[in-house]
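Novice: Shown below is the structure under consideration.
The values are calculated or read from the model by the stated rules, or taken from the named source; none is laboratory data. Since this is a predicted model, take the numbers as computed values, not measurements. Please note: Cβ atoms are built from the backbone with ideal geometry, for glycine as well, and neighbour counts cover all protein chains shown. Side chains are part of the model used for accessible areas, which takes the heavy atoms of the whole protein and leaves out ligands, DNA and RNA. Shrake-Rupley method; radii C 1.70, N 1.55, O 1.52, S 1.80 Å.
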Amino acid sequence: MSDTLDLPVLSDAAVNAAGFVQEYVDPTLDLFEEIDRLKREKNAVLLAHYYQEPDIQDAADYIGDSLGLSREAAGTEADIIVFAGVHFMAETAKILNPEKTVILPDLHAGCSLADSCPPDAFAAFRAQHPDHIVISYINCSAAIKAQTDIICTSSNAEHIVRQIPEDQPIIFAPDRNLGRWLIKETGRDMVLWDGSCIVHEVFSEQELVRLKARHPEAPVLAHPECEEAVLRHADHIGSTSSIRRFATENPARSFIVATEAGILHQMQKDNPGKTLIPAPPDNGCACNDCPHMKLNTLEKLYLCLKHEKPTIEMDEAIRLRALQPIERMLVMSAGIK
Ligand code: 13P
Ligand code: SF4
């Protein structure tokens, strides 16, 4: 080997400061084949959220929304769970599977919504409402789950809120937009934590109204993390999986989609003849990508599986406290799609 060329080190791969394994990858390698081989050799399962880049979705064993992914994680017999999503999702898989290795291609794939609810501030907030039970959206850290009575996702939130006795006051955290939508749908007055998702708050009502005027035939499909001003123009509001289902089951030929752009990949595969129009954002760059979700790449995924890192680790006391509200959610939403 040349002494003069500055070639990358190929062994002893370590997770770098940026939170992923960095190693030279031969550009001629078929990453899909390599990922498949490694999955078989290591008895690993690859779970991917709809907001992952198309290549990752195509490599996955299961693609789904947060509820589907939690169910898959709870039921898997694999030894390794490769989670192609963001940190709170991989953390949920670890909470459910302490004995398994759970890896995330980029440890810094976080979530602005989860970050908007710091554990100490949330503990102080709860202390102001001691008679309230806490329902938290799954998009929160393990430390918040550990302070929660019942976890929910956008697929089962309404169903879960409706099961709480009328006289039981509720704190809903951390997403204020989902919380407001639930209040409207269920008529329950809940105390809301003031958190939000940067991706779903970027849609412009004005641009959406203009787009609707140009495509009056296209139903608007929106995720409940969007602001009320956007939701009021929606024909269907629901989780990523319900948005996907709606586009297939509805006879319309075109749809305006107000959620992260990654969902369009499966929707287009399901409906090759239909037109999917992303709702316009207000950020000047016409981009509906979640910057956290998109930190994962196929190459990082390959390296993560190859080296079995970075792993998700957590304090056992927090894990045990966080497990209960997730298990309650799984029981309370059995049968929900
Ligand atoms: P769902 O896929 O459960 O609807 O969640 C959307 C989301 O924002 C995940 O981060
Ligand atoms: Fe978090 Fe929003 Fe990204 Fe989902 S889309 S991971 S809620 S920042």
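Novice: Could you say whether any residue in the range 158-167 is more than 16 Å from ligand 2 (Cβ to nearest atom), within 29 Å of Val202 (Cα to Cα) and either open to solvent by 30 Å² or more (accessible area, probe 1.4 Å) or in a loop (DSSP other than H, G, I, E, B) (or both)? Walk me through it before giving the result.
Specialist: So in the range 158-167, the residues more than 16 Å from ligand 2 (Cβ to nearest atom) come out as 158-167.
If we keep only those that are within 29 Å of Val202 (Cα to Cα) too, we end up with 158-161.
Narrowing the set further to residues that are either open to solvent by 30 Å² or more (accessible area, probe 1.4 Å) or in a loop (DSSP other than H, G, I, E, B) (or both) leaves 158-159.
Yes, that holds for at least one residue.
Novice: Can you name the number of the only condition in (1) within 14 Å of ligand 1 (Cβ to nearest atom); (2) within 24 Å of Ile243 (Cβ to Cβ) that Ser141 fails?
Specialist: (2)
Novice: Out of the residues in the range 54-79 meeting the condition of being more than 25 Å from Ala334 (Cα to Cα) and surrounded by 19 or more Cβ atoms within 10 Å (Cβ to Cβ), tell me which one is farthest from ligand 2 (Cβ to nearest atom).
Specialist: Among those that are more than 25 Å from Ala334 (Cα to Cα) and surrounded by 19 or more Cβ atoms within 10 Å (Cβ to Cβ), it is Ala59.
Novice: From Ser196, Ser204, grab the single residue that is within 22 Å of Cys290 (Cβ to Cβ), hydroxyl-bearing (Ser, Thr, Tyr), within 26 Å of the chain's Cα centre (by Cα) and more than 16 Å from ligand 1 (Cβ to nearest atom). Break it down stepwise before answering.
Specialist: On the way: Ser196 fails: more than 16 Å from ligand 1 (Cβ to nearest atom).
Answer to the check: Ser204.
Novice: Among the numbered criteria (1) without any contact (Cβ under 8 Å) to a residue 24 or more places away in the chain; (2) touching a strand residue (DSSP E or B) at 6+ places or on another chain (Cβ under 9 Å); (3) not polar (S, T, N, Q), which one does Ala222 miss?
Specialist: Result: Ala222 fails condition (1) only.
Novice: On to the next question. Can you say whether Ile243 is free of Cβ contacts under 8 Å to residues at least 60 places away in the same chain, touching a His at 6+ places or on another chain (Cβ under 8 Å), in a helix (DSSP H, G or I) and β-branched (Val, Ile, Thr), as far as the supplied structure shows? Walk me through how you get there before you give the answer.
Specialist: Values: free of Cβ contacts under 8 Å to residues at least 60 places away in the same chain: yes; touching a His at 6+ places or on another chain (Cβ under 8 Å): yes; in a helix (DSSP H, G or I): yes; β-branched (Val, Ile, Thr): yes.
Against the criterion (free of Cβ contacts under 8 Å to residues at least 60 places away in the same chain, touching a His at 6+ places or on another chain (Cβ under 8 Å), in a helix (DSSP H, G or I) and β-branched (Val, Ile, Thr)), Ile243 qualifies.
Novice: Further, regarding this structure: Working carefully through the options Ser196, Ser136, find the one that is touching a residue at least 40 places away in the same chain (Cβ under 8 Å) and open to solvent by less than 10 Å² (accessible area, probe 1.4 Å).
Specialist: On the way: Ser196 fails: open to solvent by less than 10 Å² (accessible area, probe 1.4 Å).
The unique qualifying residue is Ser136.
Novice: Further, regarding this structure: Residues that are without any contact (Cβ under 8 Å) to a residue 40 or more places away in the chain and either in contact with a Ser or Thr (Cβ under 6 Å, 6 or more places away or on another chain) or open to solvent by 30 Å² or more (accessible area, probe 1.4 Å) (or both): does the range 83-97 have at least one?
Specialist: no
Novice: I would also like to ask the following. Could you list all residues from the range 262-303 that are of a type in the set (Val, Ile, Thr), under 20 Å from Ala218 (Cβ atoms) and surrounded by fewer than 20 Cβ atoms within 10 Å (Cβ to Cβ)?
Specialist: Filtering the range 262-303 down to residues of a type in the set (Val, Ile, Thr) leaves 263, 275, 277, 297.
Add one more test, that the residue is under 20 Å from Ala218 (Cβ atoms), and what stays is 263, 275, 277.
Answer for the range 262-303, where residues must be of a type in the set (Val, Ile, Thr), under 20 Å from Ala218 (Cβ atoms) and surrounded by fewer than 20 Cβ atoms within 10 Å (Cβ to Cβ): Thr275, Ile277.
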